[in-house]
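See structure below.
The values are calculated or read from the model by the stated rules, or taken from the named source; none is laboratory data. A quick note: this is a predicted structure, and the numbers were derived from the prediction, not measured. No Cβ is skipped: glycine too gets one built from the backbone with ideal geometry, and neighbour counts run over all protein chains shown.
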């Protein structure tokens, strides 16, 4: 075997809670998994400050530290974890051929895709500056930290509407900023938002700048798209809910996806349209998008891969 080509029984692409959990299970099943961590080792949790809702951490834990623990646990069972990005795949025949940016060509008997998804952002410099200091793309993850405070959420679809009503239960006031004069969300969700007393709609408006200091977010400057007038809202949390984008570009045409490019898996399983290819975590889940559900599907994918190889 040449130095640039190798054979593996189980290749895991991606390294968030899903990828690392798959690695732990696959390694313990003696599949000798190889993991390519991808462009953001540890996934979305590495840009999350405190994780308070993962069982087993009563005091909470910082996202990056938690992912480091996941990684160490996988390495304890001799998972081969590599820093690098998969650049090309060919799933037309088994063994599947996968190329990485380190020049390696891998022939894999099974592949677990755990490349995740990333939140769509507004593209403001100030949004990046206060990331994890009041700026978030996950109300269910971070809403708790703003209990009793005023917050703002940007968006007009179902996700934004769901997150706004979730935040309204915890926060004093929720400003919902939308660039149009009506929501895109389903009628049921619109009804819920418009009938929640502490959600204030800010129509025809876009955020211009997130305001803050060394302690984090203190406000947001918004601009009315019709009049051009600007005003500042005093808030402590700024939530962006304008969609998520699954990291599936390199799998286009290789496995079946839905219209928004999430990988389709068999209901209740992680098997994809190609036998021997499994998908877990946010790359196939646009509904829950939680660390614990991602970890759960990572476990499922490894067990399914092990049984596939055994059969």
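Looking only at the stretch 86-106, residues that are surrounded by fewer than 16 Cβ atoms within 10 Å (Cβ to Cβ) and at pLDDT 95 or above come to 7 in all. Within the stretch 9-21, the residues that satisfy the criterion of being part of a strand (DSSP E or B) and over 17 Å from residue 101 (Cβ atoms) are 9, 10.
Scanning the stretch 110-135 for residues that are under 16 Å from the mean Cα position of the chain (by Cα), surrounded by 21 or more Cβ atoms within 10 Å (Cβ to Cβ) and farther than 22 Å from residue 14 by Cα gives a single hit, 135. Entry remark, the stretch 143-164: residues being over 21 Å from the mean Cα position of the chain (by Cα) and surrounded by fewer than 18 Cβ atoms within 10 Å (Cβ to Cβ) number 3 in total.
Hey, does the stretch 132-142 have a residue that's at pLDDT 90 or above, assigned to a strand (DSSP E or B) and assigned by TED's automatic domain parsing to the domain that holds residue 171? There is at least one residue in the stretch 132-142 that is at pLDDT 90 or above, assigned to a strand (DSSP E or B) and assigned by TED's automatic domain parsing to the domain that holds residue 171. Taking the criterion of being within 18 Å of residue 222 (Cβ to Cβ) and in a helix (DSSP H, G or I), the residues of the stretch 164-191 that qualify are 164, 167. Going residue by residue through the stretch 71-90, is there one that turns out to be closer than 21 Å to residue 292 by Cβ, out of contact with any strand residue (DSSP E or B) (no Cβ under 9 Å at 6 or more places or on another chain) and outside any helix (DSSP H, G or I)? Yes. Candidates 4, 21: the one that is over 30 Å from residue 130 (Cβ atoms) and at pLDDT 95 or above is 21.
The criterion of at least 3 residues that are modelled with pLDDT of 95 or more, over 18 Å from the mean Cα position of the chain (by Cα) and closer than 13 Å to residue 154 by Cα is met, among strands (runs of 3 or more DSSP E) falling completely within the stretch 210-263, by 216-224. Has the stretch 94-110 got any residue that is within 24 Å of residue 291 (Cα to Cα) and part of a loop (DSSP other than H, G, I, E, B)? Checked against the condition, which is being within 24 Å of residue 291 (Cα to Cα) and part of a loop (DSSP other than H, G, I, E, B), the stretch 94-110 yields no hits at all. Only one of the numbered conditions (1) at pLDDT below 95; (2) surrounded by 14 or more Cβ atoms within 10 Å (Cβ to Cβ) is not met by residue 81, and that is (1).
If you scan the stretch 44-78, which residues turn out to be under 25 Å from residue 6 (Cβ atoms) and either surrounded by 22 or more Cβ atoms within 10 Å (Cβ to Cβ) or in contact with a helix residue (DSSP H, G or I) (Cβ under 7 Å, 6 or more places away or on another chain) (or both)? Outline the logic, then answer.
Here is the first cut: in the stretch 44-78, the ones under 25 Å from residue 6 (Cβ atoms) are 70-78.
If the condition is that a residue be under 25 Å from residue 6 (Cβ atoms) and either surrounded by 22 or more Cβ atoms within 10 Å (Cβ to Cβ) or in contact with a helix residue (DSSP H, G or I) (Cβ under 7 Å, 6 or more places away or on another chain) (or both), then 70, 71, 73, 74, 77, 78 are the ones that fit.
Of the set (1) part of a loop (DSSP other than H, G, I, E, B); (2) assigned by TED's automatic domain parsing to the domain that holds residue 39, all apply to residue 303 but (1).
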